[in-house]
Amino acid sequence: MSFFWQIAGFFLLLNVAWYLTYSDRFWVYVSGFVLMGFLMLYSLFIIFKILRKDARPSSDE
């Protein structure tokens, strides 16, 4: 169930970041792209964590 809340929180923050990029204020506009960058790094971290977990050598006997 916690995986569901991680995905829901990710997409909620992604929608907030996307909304911030439509602002007329420059600092709000830039903060939207900074938040998108952090979300991209977080998703890459999760992908590499999953790939590292599945990369265990299997013993075929």
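The values are calculated or read from the model by the stated rules, or taken from the named source; none is laboratory data. The structure displayed is predicted, hence computed values, not measured ones. Here the Cβ positions follow ideal geometry from the backbone for every residue, glycine too, while neighbour counts run over all protein chains shown.
Some points to look at:
- Exactly one residue out of LEU12, LEU39, LEU51 is in a helix (DSSP H, G or I), exposed (fewer than 13 other Cβ atoms within 10 Å of the Cβ), at pLDDT 90 or above and of a type in the set (A, V, I, L, M), and it is LEU12.
- Among the residues of segment 20-35, those that are assigned to a loop (DSSP other than H, G, I, E, B) and either among the polar types (S, T, N, Q) or under 21 Å from PHE10 (Cβ atoms) (or both) comprise THR21, TYR22, SER23.
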